Amino acid sequence: MNKKIILIDMDGTIANFNKSILQKMDKKYNILLSNGEITHFRIEKNFEKTHREEITEWIEEKNFYLELEPFENSIKYIKEIFSHQDFDVFFCTSPLLSTYCIPEKQEWIKKYFGEEYLSKIIFSKDKTVVFGDILIDDKPSIHGVNKTPSWEHVYFNQTYNEENSGRRIVNWKDWRKILLD
Ligand SMILES: [Mg+2]
């Protein structure tokens, strides 16, 4: 039997990208958004226009990616998925074309998963050309040159993708319910 190929996004799916921005906005401007107020996938679009440029600058700063926190339980349970006999698993992440993004994402995987996982990272601006059975991703809709991607998009649950229909992982601890279905 062929193993199922599972692709797992990083930002907003394993790494808590938004938390870092929300904390910076709270600290610097005393603006704290609640979870329900985050309706846009692009974090800067949840704030007034005057703040957006600064937020995108923060994302490009050194150490931004390196210092992201993993979501609760994510590392432990994703390691379980990696070690499951029925799966071949890869991280599938769309990098910013900034100086620090790619090396820091690699460093982050090494830090939380271990060096042996470095060969499991697929960087692609266009995930539709990456082959797989399932792509777990928080992005509400994923488009690219391939109009019929091989994978099923399973949502990693976030307030900004709640409207999308499809299977979803709400907490990594429940991965079996979706992936062994
Ligand atoms: Mg993402």
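Answer yes if at least one residue in the range 117-137 is polar (S, T, N, Q), surrounded by 13 or more Cβ atoms within 10 Å (Cβ to Cβ), more than 16 Å from the ligand (Cβ to nearest atom) and over 30 Å from N63 (Cβ atoms), and no otherwise. There is no residue in the range 117-137 that is polar (S, T, N, Q), surrounded by 13 or more Cβ atoms within 10 Å (Cβ to Cβ), more than 16 Å from the ligand (Cβ to nearest atom) and over 30 Å from N63 (Cβ atoms).
Farther than 16 Å from M10 by Cβ and not small (G, A, S), is that true of L135? Spelling it out, it is not the case that L135 is farther than 16 Å from M10 by Cβ and not small (G, A, S).
If the condition is being farther than 27 Å from P103 by Cβ and assigned to a loop (DSSP other than H, G, I, E, B), then the range 35-62 contributes I38, T39, H40, F47, E48. On the stretch given as the range 138-164, residues that are away from the ligand (no atom under 12 Å from the Cβ), surrounded by fewer than 20 Cβ atoms within 10 Å (Cβ to Cβ) and touching a residue at least 40 places away in the same chain (Cβ under 8 Å) total 1.
Out of everything in the range 1-17 that is more than 10 Å from the ligand (Cβ to nearest atom) and not hydrophobic (A, V, I, L, M, F, W, C), what residue ends up being surrounded by the fewest Cβ atoms within 10 Å (Cβ to Cβ)? Among residues in the range 1-17 that are more than 10 Å from the ligand (Cβ to nearest atom) and not hydrophobic (A, V, I, L, M, F, W, C), the one surrounded by the fewest Cβ atoms within 10 Å (Cβ to Cβ) is N2. So for the range 81-102 (the condition being part of a helix (DSSP H, G or I) and among the charged types (D, E, K, R)), does at least one residue qualify? No, there is no match, as no residue in the range 81-102 is part of a helix (DSSP H, G or I) and among the charged types (D, E, K, R). From the set of residues in the range 85-115 that are closer than 24 Å to L180 by Cβ and of a type in the set (D, E), which is farthest from the ligand (Cβ to nearest atom)? Ranking the qualifying residues of the range 85-115, first place goes to D86. Among the residues making up the range 2-34, those that are among the polar types (S, T, N, Q) and either farther than 24 Å from R168 by Cα or in a loop (DSSP other than H, G, I, E, B) (or both) are N2, T13, Q23, N30, S34. Residues that are under 15 Å from the mean Cα position of the chain (by Cα) and among the β-branched types (V, I, T) were ranked within the range 82-105; the one that is farthest from T128 (Cα to Cα) is I102. Looking across the range 18-41, just one residue is within 11 Å of the ligand (Cβ to nearest atom) and surrounded by fewer than 21 Cβ atoms within 10 Å (Cβ to Cβ), and that is F41.
Here, each number is a calculation from the coordinates, and none is a lab measurement. Bear in mind that the values here come from a model prediction, so they are computed numbers and not experimental data. Every residue, glycine among them, receives a Cβ derived from its backbone with ideal geometry; neighbour counts consider all protein chains shown.
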